[in-house]
Amino acid sequence: MEVESVFVTGANRGIGLEFVKQIVKLPKPPLFVFATYRDESTTQALKEIRDASKESQVVLIKMDITKKDEIESARKVVESKLGDNGLNLLINNAGALKGQGFLNITEENMVSHFTTNAVGPVLVLKEMLHLLEKAASRKTSRMDVSRAAVLNISSMGGSIGELTDESPKKWLEVFGYRTSKTALNMAMRVIAFTVKDQGILIVNMCPGWVKTDMGSQEAQLTTEESISAMLKTLSQLNESHHGTFLDRNGKTILF
């Protein structure tokens, strides 16, 4: 996978942090990796990656995806670094999960999940769209990650088709999370059709059940396993995958 620039939200821990780790170690790493975080006190691992990186300039940006002004400020930082080259890859990774089932669900829980998991990624993409268009306009080839792409980290839990009577009952207890990821899937499919002539590949992907603070240590995959699989799949995608929902290995998931 060869890209000149990557922007990763929620990059200070878990899946986002592992994306940054592996991206800077690619055979031909990007010139720029923009890594966002919400809290300065959580950036030590990112700073270590930044300081050790020889070929990629790792730029740390404070950005809460629920705050419009911080998203705008982040875009200005990216634009100042990339200019007319534009942004090649946006990884919408930041998200939240707070357990609560339907019988106990609160308005606060629902709104919090939708704001972070659905609205936030949409607003980030909207703000970065012009930079992605700039990158896409530099090539006339097919859609792929080296031209311009958006990878949205979703979840199998957001699939309506995958939820059956046989599904583990404990996954019913993350009602707000699941419904917000379903909203994310639909939002990004609508956006994919809206910008289909711009040359920007848009894909949603489930990383699997990963050992992170969100996924818990009961999970099946390490962050290294999940992200290496996703990067491999990402490098193989083209226009036929535009607007789709995939697992980490490239298999289509029912919306």
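For this structure, a couple of remarks:
- Net charge of Cβ neighbours under 14 Å - reference P27; Lys, Arg +1; Asp, Glu -1: +2
- Summed over the residues of the chain and divided among them, the accessible surface reaches 48 Å² per residue at a probe radius of 1.4 Å.
- Whole-number percent relative contact order across the chain, with pairs defined as alpha carbons under 8 Å at least 6 apart: 20
- Apportionment of accessible area to carbon and sulfur, the chain, percent (1.4 Å): 52
- Fraction of antiparallel bridges per DSSP, the chain only, in percent to nearest 5: 5
- Under a 5 Å amide H cut-off, with hydrogens placed 1.01 Å from N, T222 pairs with K211 among residues at least 5 apart or on other chains.
- Helix 223-236 and the longest principal axis of the Cα set of the chain meet at an angle near 60°.
- V59 long-range amide H proximity, modeled H, under 5 Å: V33, F34, A35
- Among [x] -0.50, -0.58, -0.74, -1.06; [y] -0.28, -0.36, -0.54, -1.05; [z] -0.37, -0.47, -0.66, -1.04, the entry that matches log10 I(q)/I(0) by the Debye sum over Cα atoms at q = 0.08, 0.09, 0.11, 0.15 Å⁻¹ as calculated here: [y]
- The phi-based Karplus calculation (6.51 cos²θ - 1.76 cosθ + 1.60; θ = phi - 60°) puts the 3J(HN,Hα) values of the range 39-48 at 10, 4, 5, 9, 9, 4, 5, 5, 5, 5 Hz, whole numbers, x for Gly and Pro.
- Surrounding net charge for T223, when Lys and Arg each add one and Asp and Glu each subtract one, Cβ distance under 12 Å: 0
- Considering only L131, G16, T42, and ranking their Cα positions along the charge dipole of the chain that arises from unit charges at the beta-carbon of Lys, Arg, Asp and Glu, the one farthest toward the positive end is L131.
- Applying a DSSP loop filter and a limit of 13 other Cβ atoms within 10 Å to the GluC sites (Glu not before Pro) in the range 1-58 leaves E2, E55.
- Cross-link partners of K139 among aspartates and glutamates (Cα-Cα below 18 Å; sequence separation of 8 or more within a chain): E2, E4, D84, D197, E239
- Projecting the Cα atoms of L82, F193, T116 onto the charge dipole of the chain, computed from C-beta unit charges around the Cα centre, puts L82 farthest toward the positive end.
- For N152, the shell of other residues with beta-carbons less than 11 Å away shows a net charge of +2, using +1 for Lys and Arg and -1 for Asp and Glu.
- Computed over the chain, the per-residue total of -39500 (n - 2.57) for DSSP H runs of n ≥ 4 gives a 222 nm mean residue ellipticity of -12000 deg cm²/dmol, rounded to 500.
The values are calculated or read from the model by the stated rules, or taken from the named source; none is laboratory data. These numbers were taken from a predicted model, which means no experiment stands behind them. In this analysis, Cβ positions are derived from the backbone assuming ideal geometry, glycine residues included, and neighbour counts consider all displayed protein chains. Surface areas here come from the heavy atoms of the whole protein model, side chains and all, with no ligands, DNA or RNA. Shrake-Rupley method; radii C 1.70, N 1.55, O 1.52, S 1.80 Å.
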